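The values are calculated or read from the model by the stated rules, or taken from the named source; none is laboratory data. Keep in mind that what you see is a predicted model, and the values were worked out from it rather than measured. With ideal geometry, Cβ positions are generated from the backbone for all residues, glycine too; neighbour counts draw on all protein chains shown. Please note that ligands, DNA and RNA were not included when accessible areas were found on the heavy atoms of the full protein model with its side chains. Shrake-Rupley method; radii C 1.70, N 1.55, O 1.52, S 1.80 Å.
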Amino acid sequence: MALSVCNAVINPSFETGNLSPWTASAVNVAKISNGTSAYDGDYYLNLQTAYGNRGNTISQHLKHLTPRSEYDFNVKVQVPSPGGVEYCSVYVYMGKNATIGKIASANIFNFGEWETLTGTYKAKRPQETLNIIAACDSEDSSVTGNVWIDDISFDGPGNCKTKSDE
Ligand SMILES: [Ca+2]
């Protein structure tokens, strides 16, 4: 039997209209928005970055991963408008150590268009935590930015999640 490839992320495009089962690093910084601006479907995540050019993070505990298998990561990101920031960055990593667990990163200098961020990751355990952190850079440390996120995939072999897991 051929192994099927499936997305280990639940609510990958925010089409439930809620953040769950994603969690955010701070209260009220991760808002699900509805509109024609979405890259995929009707909803996307509007993640507000933190003061002082620092980041905010969304995380999801992935299940049913196949250790030692290669996974392909994809996410669509957009900085909708400058709003006083020079650029924003998105950094994706697995687990608690952002250096060891790095999957992908990008600086975003263009505003108002979706960009694709991709990476690969070799699973280490059946369950790992995916983290996506967004930060924006401004000379004014009182400025926060906004990064939109949509259509997240972490595709790998086998052990696809079943409906009962959602
Ligand atoms: Ca969506």
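Structure above, values below:
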item	result
Whichever residue in region 1-58 is touching a Pro at 6+ places or on another chain (Cβ under 9 Å), more than 13 Å from the ligand (Cβ to nearest atom) and of a type outside the set (A, V, I, L, M) and, among such residues, is modelled with the highest pLDDT	C6
Residues satisfying the stated conditions in region 1-53, i.e. touching a Gly at 6+ places or on another chain (Cβ under 6 Å) and polar (S, T, N, Q)	S13, T49
Index of the failed condition, F109 passing every other in (1) touching a residue at least 24 places away in the same chain (Cβ under 8 Å); (2) open to solvent by 70 Å² or more (accessible area, probe 1.4 Å); (3) within 15 Å of A134 (Cα to Cα); (4) more than 16 Å from the chain's Cα centre (by Cα)	(1)
Failed criterion for V77 (all others in (1) part of a strand (DSSP E or B); (2) closer than 20 Å to E128 by Cβ; (3) within 16 Å of the ligand (Cβ to nearest atom) hold)	(2)
Qualifying residue in region 32-54 (condition: among the aliphatic types (A, V, I, L, M), at negative phi and open to solvent by 40 Å² or more (accessible area, probe 1.4 Å))	yes
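Residue by residue, here is whether (1) in a strand (DSSP E or B); (2) within 26 Å of V5 (Cβ to Cβ); (3) in contact (Cβ under 8 Å) with a residue 40 or more places away in the chain holds:
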residue	(1), (2), (3)
I58	yes, yes, yes
G83	no, no, yes
N97	no, no, no
V143	no, no, yes
